[in-house]
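Colleague: Quick one: the structure is below, questions incoming.
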Number of protein chains: 2
Amino acid sequence: MTINPIAVSLGDPAGIGPEILAKSWRERDNHTLPVFFGVGDEHALKKAYSGPVEVISEPREAGEVFDNAVPLLPVNTNDRTTAGQPTAESARCALDSLELAVGLARSGAAGAVVTGPVSKAKLYDIGFSHPGQTEFVAERCGVARENAAMMLAGPTLRTVPITTHIPVRDVPQVLTIELVVRKGRAAARGLTRNFGIRRPRLAFAGLNPHAGEYGTIGREEIDVIAPAIEMLRSEGIDASGPFAADTLFHEAARRSYDCALCPTHDQALIPLKTLHFDEGVNLTLGLPIVRTSPDHGTAFQIAGQGKAHPGATIAAIGLAAFCANHRAVSEAAAAA
Amino acid sequence: MTINPIAVSLGDPAGIGPEILAKSWRERDNHTLPVFFGVGDEHALKKAYSGPVEVISEPREAGEVFDNAVPLLPVNTNDRTTAGQPTAESARCALDSLELAVGLARSGAAGAVVTGPVSKAKLYDIGFSHPGQTEFVAERCGVARENAAMMLAGPTLRTVPITTHIPVRDVPQVLTIELVVRKGRAAARGLTRNFGIRRPRLAFAGLNPHAGEYGTIGREEIDVIAPAIEMLRSEGIDASGPFAADTLFHEAARRSYDCALCPTHDQALIPLKTLHFDEGVNLTLGLPIVRTSPDHGTAFQIAGQGKAHPGATIAAIGLAAFCANHRAVSEAAAAA
């Protein structure tokens, strides 16, 4: 079973995306990475990397090029971008690259999409209205954002933030039984579909300190999270909690579930990045395509200096291939 | 320089407090622990531990007893408490034990106080009106709770939650410039006084995802945290941030500060317990006395089964001794 080449959008060309794509390609044999290609600004890639780059015009050409050069599908190429200095133009390039890479995965020409780091602030400046790339990809796939879920995956931990890039003051309003149930379903289905876990164990964290301590430190656990868990259980999903978030991530606790679902962004992201900073992958669940992303930002402050670590991008390409292969095998088995 | 014996309140006698006190005493030589004594229910301690226990009537007797038995100053002793089954009576015993232990430290008869785990829910049932033991101890020491700070300390990380045991929905109202400044001052002074760090480096986390991403995901960073940092810097304190909380706790980041201050409880507690679950210590800064606590709860579900891990209590007693000795030496030097 061979999947089509994986599309990797370069993200903001002023960030570290071009550099970590090239470094990942250099490491392709050490990590037995599948064929992939960049989607983005050719000049930015060549500024970040002095080795071989070959321009392609469609994904299938990546396989012919891959052994000898970084294959690149160029987008908005110009020589005006300076590493570390994002502009409206570089944000536009990031958005167009994302759009093309997702479209290629949707069409099947690319086996999966890996999205490079973008600046949300710069995207908002040019009119981008989604909370993040995850919601954008969901929309382009025709999936309601509530039915998609952002999963962070590292070697010893998977987490899903139930709310993502919204102010903390808005979380109590946004956190509804319906939302928790939808994220729970997306997580359970996604663990089966992408990782082959037949009956995934979901652990839910509380929103408040000590999971509200029986209602004395907030009521969202009692009013929202517990009823949602009950509903998921009635659907046959192995859901438990709500648990105090601070005691959910030590080694013994992590062995008790396949994925922890957390009300806030930081509750889910802090433990993942504390444990697996250089190898954390963002995987979007609930989509018809496989989409992963390195779990870090544009790092403008070190862009163009050759210091960026490609570990998370290598892990993101590897996980995208794993999930895409797993889906292809399952679908072939189902069709047989 | 020898400090007086350390008072260790047993916490709720139905929890694991009695067991981990006895286990800590058994480990006294392996960890070169200073002389300490329990404060709490004699029956509960004897049910939890079949080895030697000796009742004392004042702290100085602990030194005579310590080599051969667990010294215990009894409080509310009765035989009605069952391990794992907290009651109003066991909560009352926990509160009285805490009160006595703190009083002994205040008087100087005890060199420091280590407070065992209590059930906040049960304490609230009997009329306890403080958010937690930290605020209670601050009040008993005549210190406004805003001027005290709860620090979590592990081998590679120290954190201070700026807000503690309050619902997340209340955090945006409670998080003021004044509060952030007070916690910053308490942290800076506490690091110097208790740990001997002359110019402590404080790193502040943002409240919102990605520290608000330049105001696009919440404004508390711009309106509250940044101005507070500015004020602390104008006072000569080495304060930096606000930083995205999720990227503040990996190994390289931890080396860049002496203490991370976080707007919410979970932002501060999650990384500490993820990294140092069995050795995390809660230290109250800003008090005239040294007060530490093992950083875990009553664990009623395993109480009475001999399974509780004494690591955090051992670490709490060790850190209390370290800080008390450090203060005694500094004060002697200042007086000379």
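The values are calculated or read from the model by the stated rules, or taken from the named source; none is laboratory data. Values in this document were obtained by computation on a predicted structure and should not be read as measured data. Quick reminder, even Gly has a Cβ in these numbers, built from the backbone with ideal geometry, and neighbours come from all protein chains shown. What goes into the accessible areas is simple: the full protein's heavy atoms, side chains included, and nothing from ligands, DNA or RNA. Shrake-Rupley method; radii C 1.70, N 1.55, O 1.52, S 1.80 Å.
Colleague: Here are B:Glu279, B:Glu251, B:Glu331: which of them is open to solvent by 10 Å² or more (accessible area, probe 1.4 Å), closer than 20 Å to B:Asn4 by Cβ and among the acidic types (Asp, Glu)?
Modeller: On inspection, the qualifying residue turns out to be B:Glu331.
Colleague: Another question about this same structure. All but one of (1) under 30 Å from A:Ala121 (Cα atoms); (2) at pLDDT below 95; (3) in a helix (DSSP H, G or I) hold for B:Arg193; state the number of the condition that does not hold.
Modeller: Only one criterion is unmet by B:Arg193, namely (1).
Colleague: Which residues, counting only those in segment A:18-69, are over 15 Å from A:Ile3 (Cα atoms) and polar (S, T, N, Q)?
Modeller: A:Ser24, A:Asn30, A:Ser50, A:Ser57, A:Asn68
Colleague: Moving to a separate point now. Only one residue in B:Thr298, B:Thr292 is at pLDDT below 95, β-branched (Val, Ile, Thr) and surrounded by 18 or more Cβ atoms within 10 Å (Cβ to Cβ), so which one is that?
Modeller: One residue alone meets the criteria, B:Thr298.
Colleague: Another question about this same structure. Given the structure, is B:Ala148 touching a strand residue (DSSP E or B) at 6+ places or on another chain (Cβ under 8 Å), surrounded by fewer than 24 Cβ atoms within 10 Å (Cβ to Cβ) and closer than 24 Å to B:Leu100 by Cβ?
Modeller: Yes; evaluated as a whole, the condition is true for this residue.
Colleague: Give me the pairs: first residue in segment B:264-275 and more than 7 Å from every other protein chain (Cβ to nearest Cβ), second residue among the aliphatic types (A, V, I, L, M) and open to solvent by less than 10 Å² (accessible area, probe 1.4 Å), beta-carbon distance under 6 Å, and six or more apart or on different chains, which are they?
Modeller: B:Thr264/B:Val171; B:Leu272/B:Leu152; B:Leu272/B:Leu157
Colleague: Here is a further query. Keeping to segment A:44-70, report how many residues are open to solvent by 50 Å² or more (accessible area, probe 1.4 Å), assigned to a loop (DSSP other than H, G, I, E, B) and in contact (Cβ under 8 Å) with a residue 12 or more places away in the chain.
Modeller: Summing the residues that are open to solvent by 50 Å² or more (accessible area, probe 1.4 Å), assigned to a loop (DSSP other than H, G, I, E, B) and in contact (Cβ under 8 Å) with a residue 12 or more places away in the chain in segment A:44-70 gives 4.
Colleague: Another question about this same structure. Condition (residue is closer than 30 Å to A:Gly63 by Cβ and part of a helix (DSSP H, G or I)) applied to segment A:127-134: is it met by at least one residue?
Modeller: yes
Colleague: Right, B:Leu73: outside any helix (DSSP H, G or I) and either assigned by TED's automatic domain parsing to the domain that holds B:Ala321 or at pLDDT below 95 (or both) or not?
Modeller: Taking the combined requirement at face value, the residue satisfies it.
Colleague: When the residues of segment B:220-238 are narrowed to those that are of a type in the set (Val, Ile, Thr), in a helix (DSSP H, G or I) and in contact (Cβ under 8 Å) with a residue 24 or more places away in the chain, which ends up farthest from the other protein chains (Cβ to nearest Cβ)?
Modeller: Only one residue tops the list, namely B:Ile229.
Residue-by-condition table, conditions (1) part of a loop (DSSP other than H, G, I, E, B); (2) touching a helix residue (DSSP H, G or I) at 6+ places or on another chain (Cβ under 7 Å):
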site: B:Gly241; (1), (2): no, yes
site: B:Ile270; (1), (2): no, yes
site: B:Leu287; (1), (2): yes, yes
site: B:Thr313; (1), (2): no, yes
site: B:Ala320; (1), (2): no, no
site: B:Glu331; (1), (2): no, no
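Colleague: Examine segment A:239-248 for a residue that is open to solvent by 20 Å² or more (accessible area, probe 1.4 Å), within 14 Å of another protein chain (Cβ to nearest Cβ) and more than 25 Å from A:Thr192 (Cβ to Cβ), and state whether such a residue exists.
Modeller: yes
Every residue, every condition in (1) within 14 Å of chain B (Cβ to nearest Cβ); (2) without any contact (Cβ under 8 Å) to a residue 12 or more places away in the chain; (3) open to solvent by 20 Å² or more (accessible area, probe 1.4 Å); (4) over 15 Å from the mean Cα position of the chain (by Cα), yes or no:
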site	(1), (2), (3), (4)
A:Gly111	no, no, yes, yes
A:Leu157	yes, no, no, no
A:Val160	no, no, no, no
A:Leu202	no, no, no, yes
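Colleague: While we're looking at this one, here's another question. Please specify each residue of segment B:17-43 satisfying the condition of being open to solvent by 10 Å² or more (accessible area, probe 1.4 Å), of a type in the set (A, V, I, L, M) and more than 18 Å from B:Val102 (Cα to Cα).
Modeller: Within segment B:17-43, B:Leu33 is the sole residue that qualifies.
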